1. Kindly indicate the residue of the range 349-362 that is open to solvent by 10 Å² or more (accessible area, probe 1.4 Å) and in contact with a strand residue (DSSP E or B) (Cβ under 9 Å, 6 or more places away or on another chain) and also farthest from the ligand (Cβ to nearest atom) among those meeting that condition.
2. Any idea how many residues of the range 61-84 are part of a loop (DSSP other than H, G, I, E, B) and in contact with a Ser or Thr (Cβ under 8 Å, 6 or more places away or on another chain)?
3. Can ARG149 be described as away from the ligand (no atom under 14 Å from the Cβ) and at pLDDT 95 or above?
4. Return the residues of the range 217-248 that are part of a strand (DSSP E or B) and open to solvent by 20 Å² or more (accessible area, probe 1.4 Å); say none if nothing qualifies.
5. Starting from the range 333-356, take each residue that is more than 18 Å from ASP295 (Cβ to Cβ) and list its partners that are part of a strand (DSSP E or B) and of a type in the set (Lys, Arg), counting only C-beta distances under 9 angstrom and pairs at least six apart or across chains.
6. Using beta carbons and a limit of 7 Å, which pairs, at least six apart or on different chains, have the first residue in the range 19-35 and closer than 25 Å to LEU106 by Cβ and the second one part of a loop (DSSP other than H, G, I, E, B) and basic (Lys, Arg)?
7. Would it be correct to say that VAL215 is aliphatic (A, V, I, L, M) and within 14 Å of the ligand (Cβ to nearest atom)?
Amino acid sequence: MRYSGLRLLREGLTGNRGWTRAWRDPAPKADYDVVIIGGGGHGLSTAYYLAKNHGITNVAVLEKGHLGGGSIGRNTTIVRANYFLPGNSEFYSHSLKLWEGLEGELNYNVMHSQRGHMILFHSDGQRDAMARRGNAMLAQGDDAVLMSREEVRAMLPYLDYEQARFPIFGGLFHPRGGTARHDAVAWGYARGADRRGVDLIQNCEVTGIDIEGGVVRGVQTTRGAIRARKVAMIVAGRSSQVAAMAGMRLPIESHILQAFVTEGLKPVIDHVVSFGMGHFYISQSDKGGLVFGGDLDFHASYAARGNLPMMEHVMEAGMTLMPMIGRARVLRAWGGVMDMSPDGSPIIDRTHVDGLYLNCGWNYGGFKAVPASGFALAHLMATGQPHETAAGFRLDRFRTGRGLMDEEGTGAQHSLH
Ligand SMILES: Cc1cc2nc3c(=O)[nH]c(=O)nc-3n(C[C@H](O)[C@H](O)[C@H](O)COP(=O)(O)OP(=O)(O)OC[C@H]3O[C@@H](n4cnc5c(N)ncnc54)[C@H](O)[C@@H]3O)c2cc1C
C-alpha cells in the first residue's frame with residue numbers, strides 16, 4: 001500500500017478499515033543467503049540496502065524482541081553531520097544526504113525535521129576548536145555558521161547570558177541538523193525491506209553461530225537452526241555477547257545512556273541545542289515535550305534503565321544553561337544500552353570468520369548513522385569491498401593502533417571534559 005495525503009483522507013472518512021499490515025510476519029525458512037542478527041535501525045537499513053542497491057533479497061532479519069524495541073526506539077533523535085575527523089566527516093555527511101531523501105524513498109513519514117543544531121562554546125579555546133570544526137564541515141560540503149554571543153542570544157533568547165557559571169561566548173550552528181522520529185525510522189526501513197522480499201522475524205533470538213573450518217554456516221535460534229552463506233552481527237549494545245558466540249572478544253563496553261521528556265509545553269525550543277561545558281543537549285518534540293539527555297551512567301551494564309545520580313547531574317547541567325527549564329516537570333525517563341568503542345567511532349568490517357560481518361560501536365551517535373551504516377555494510381557484504389565513506393571503520397585499528405578516530409574521546413572512558 002502506498003501512503004499519501006489522499007489515502008489518509010479517504011481512510012479517515014471511511015472508518016480506517018482499508019489499512020493493510022506494514023510488513024508480513026513470516027515463519028523462518030531453513031536457509032537464506034544472508035542472515036542479519038538484530039532488528040534495530042542498522043540491521044533493518046542493511047537489509048533494505050542489500051535488497052534495494054544489490055538485489056539481494058533472500059535475507060532474514062532475526063530480532064529477539066520486536067522491531068524498534070532497542071536503542072533505535074530509545075534515543076533522543078538528533079540527526080547531524082558536524083563531525084571533524086576525516087573518516088567520520090564524509091560518512092556522516094553521506095548519512096545526512098540519505099536522510100534528506102529518506103521519506104520520499106521509503107514512502108514513510110519519519111518526521112525528519114531540519115530545525116538546526118547549535119553547539120555552544122564557553123571559552124576562547126572552545127571557539128577556536130569550533131572554528132576548526134566548522135571549517136572541516138564546510139570543506140566536506142556541509143553547512144556551518146560560527147556565531148557570536150549576540151547572534152546566539154538573538155536566536156536562543158531563553159539561555160542564561162547574565163549570571164551563567166559558564167558564560168556563553170558563541171555557538172557553531174549547523175542549519176541542516178535536526179531531529180527525526182526514532183521508531184518511525186525502524187518501521188520505514190522494515191516496511192521497505194519487507195516490500196523487497198526480506199523476511200523480518202521477530203521474537204527470534206540468536207543463541208549460537210555455526211562455524212565450520214573458519215567459514216560461517218548459519219545460526220542457532222530460539223526458533224530453530226537457520227543456514228546462511230553470510231551472517232551480520234548488528235546488535236548494538238549486545239555486540240560483545242553475540243560476537244562471543246563466534247569466539248570474538250570485542251573492544252566494546254556496554255553502558256547505559258538515559259533520556260528525559262517533560263510535560264508538553266508550547267513551542268519554546270526551536271532548535272537542537274548542545275551545552276559546551278557539560279554533557280547536556282535538548283530539543284522539543286512535535287508534541288511539546290522537552291527531550292534531553294546527558295552523559296553515560298558510567299558503569300557497564302545490560303540493563304536498559306538508568307540511575308538517579310546521573311539524572312541529577314543532567315538536570316543540573318540543564319539548569320546551569322537554561323534556568324527556565326526548572327519550571328518544567330519531567331514525565332518520562334528511560335535508559336538504552338550503548339555499544340561504546342575506545343575511540344568513540346564505529347566498526348563496520350569483516351571478521352576473522354569467512355562470511356561473518358560486524359557492525360557496532362555506535363556510542364552516542366548511531367541514530368543519525370542508520371542510513372549510511374546500512375548502505376556501507378550492504379556494500380561490503382555484496383561487493384567484498386568497504387564503501388569509500390566507511391573504509392576507516394576497521395576492527396583491527398584497536399589492535400594495531402593505526403587509524404584510530406578519536407573524535408571527541410567519547411568512548412567508554414571519556415576524555416571530553
Ligand atoms: C538515551 C539515548 C539517546 C541517544 N541519542 C542519540 C541521538 O540523539 N542521536 C544519535 O545519532 N544517536 C543517539 N543514540 C544512539 C543510537 O540510538 C544507537 O547508537 C543506535 O540506535 C544503535 O543501533 P541500532 O538502532 O541498530 O540498535 P538497537 O535498536 O539496539 O538494535 C539492536 C537489536 O539487536 C537485537 N538483539 C540483540 N541481541 C540479539 C540476539 N542474540 N538475537 C537477535 N536479536 C538480538 C536487540 O533486541 C535490538 O533490537 C542514543 C541512544 C540512547 C540510548
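The values are calculated or read from the model by the stated rules, or taken from the named source; none is laboratory data. Here the structure is a predicted model, which means the values were calculated and not measured. For neighbour counting, all protein chains shown are included, and Cβ atoms are generated from backbone atoms with ideal geometry for every residue, glycine included. Protein only, heavy atoms only, side chains kept; ligands, DNA and RNA dropped before computing areas. Shrake-Rupley method; radii C 1.70, N 1.55, O 1.52, S 1.80 Å.
1. Residue satisfying both the conditions and the ranking: ASP354.
2. 5
3. Criteria met by ARG149.
4. Across the range 217-248, the qualifying residues are ARG217, GLN220, GLY224, ALA225, ARG227, ARG229, LYS230.
5. Close Cβ pairs satisfying both conditions: GLY355/ARG217; GLY355/ARG229; GLY355/LYS230; LEU356/LYS230; LEU356/ARG350.
6. PRO28/ARG223
7. So VAL215 fails the test.
Residue-by-condition table, conditions (1) polar (S, T, N, Q); (2) out of contact with any Phe, Trp or Tyr (no Cβ under 9 Å at 6 or more places or on another chain); (3) free of Cβ contacts under 8 Å to residues at least 24 places away in the same chain; (4) open to solvent by 50 Å² or more (accessible area, probe 1.4 Å):
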| site | (1), (2), (3), (4) |
| --- | --- |
| LYS64 | no, yes, no, yes |
| LEU67 | no, no, no, no |
| ILE72 | no, no, no, no |
| ASN75 | yes, no, no, no |
| ASN82 | yes, no, no, no |
| HIS94 | no, no, no, no |
| GLU100 | no, yes, no, yes |
| GLN114 | yes, no, no, yes |
